[in-house]
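Enquirer: Below you will find the structure I want to go over with you.
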Amino acid sequence: MEIAVTVNGQLRRADVEPRTLLVYLLRETFGLTGTHVGCDTTHCGACTVLLDEVPVKSCTVLAVQADGSSVMTVEGLETDGRLHPLQSAFSDHHGLQCGYCTPGMLMAAWALLRETPHPQPAEIRRALSGNLCRCTGYQNIVEAVADAAQRMAQEVG
């Protein structure tokens with residue numbers, strides 16, 4: 001089946017089998033390997049992307065379901081080779097260690113900050129609750145998201 005998906009602002013077309021998962025379309029067909037495959041059961045969140053601006057676990061979304069939609073992956077955060085403030089904050093606050101969960105965390109955090117520009121720590125934890133990290137203990141991730149909110153507000157203001 002031929003589908004058309006706007007990925008990180010660029011219209012992409014692909015011929016896919018109806019059973020192809022969105023995560024594999026992104027990784028194998030489009031070469032966007034920032035989206036990680038973790039559990040294939042929606043538990044870990046490593047594959048989180050935005051589908052029409054809503055965070056989804058791409059390991060349980062069929063590629064054909066994304067036909068005509070917009071998908072944003074972690075690769076869509078940077079602009080002109082510059083890291084997004086959220087990415088910089090994760091680095092500055094050591095919000096990543098092995099990095100496997102980081103793309104999903106970043107996408108869930110980006111969705112939160114778009115809807116809630118000045119979140120409280122409890123709101124950050126709730127927004128990231130569907131994303132597992134086995135390395136950091138989450139505190140640095142929460143601090144990174146809070147700092148990113150301030151950085152993003154300064155860019156706008």
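Enquirer: Starting from the amide H of Leu21, placed 1.01 Å from N in the peptide plane, find each other amide H under 5 Å away whose residue is 5 or more places distant or on another chain.
Expert: Ala63
Enquirer: His36: net charge of surrounding residues, Cβ under 12 Å, Lys/Arg +1, Asp/Glu -1, itself excluded?
Expert: Combined, the nearby Lys, Arg, Asp and Glu give +1.
Enquirer: Tell me, what does the Kirkwood hydrodynamic radius of the range 2-76 come to in angstroms if you use every pair of distinct C-alpha atoms?
Expert: Here the Kirkwood hydrodynamic radius works out to 11.8 Å.
Enquirer: Moving on to the next point. If each residue of separation counts as 0.36 nm, what is the full-extension length gain between Glu28 and Ala122 once their alpha-carbon separation is subtracted?
Expert: 30.2 nm
Enquirer: A follow-up question, please. Evaluate the charge dipole of the chain about its Cα centre and quote only its size in Debye, nearest 20, assuming +1 on the Cβ of each Lys and Arg and -1 on the Cβ of each Asp and Glu.
Expert: Value, rounded to 20: 300 debye.
Enquirer: Moving on to the next point. From zero outward in steps of 5 Å, how is the percent of C-alpha pairs of the range 85-156 spread across the bins?
Expert: Percent of pairs per bin, in order: 3, 20, 34, 28, 12, 3, 0.
Enquirer: Moving on to the next point. Angle between the Cα long axis of helix 102-115 and the longest principal axis of the chain, 0 to 90 degrees, nearest 10?
Expert: 70 degrees
Enquirer: For the chain, just the Cα set please: Rg and Dmax, both in angstrom.
Expert: Expressed in Å, the Cα Rg and Dmax of the chain come to 15.2, 46.
No value in this document is a laboratory result; all are computed from the given coordinates. The structure presented is a predicted model; accordingly, all values stated were derived computationally and were not measured. Cβ atoms come from the backbone with ideal geometry, glycine included; neighbour counts cover every protein chain shown.
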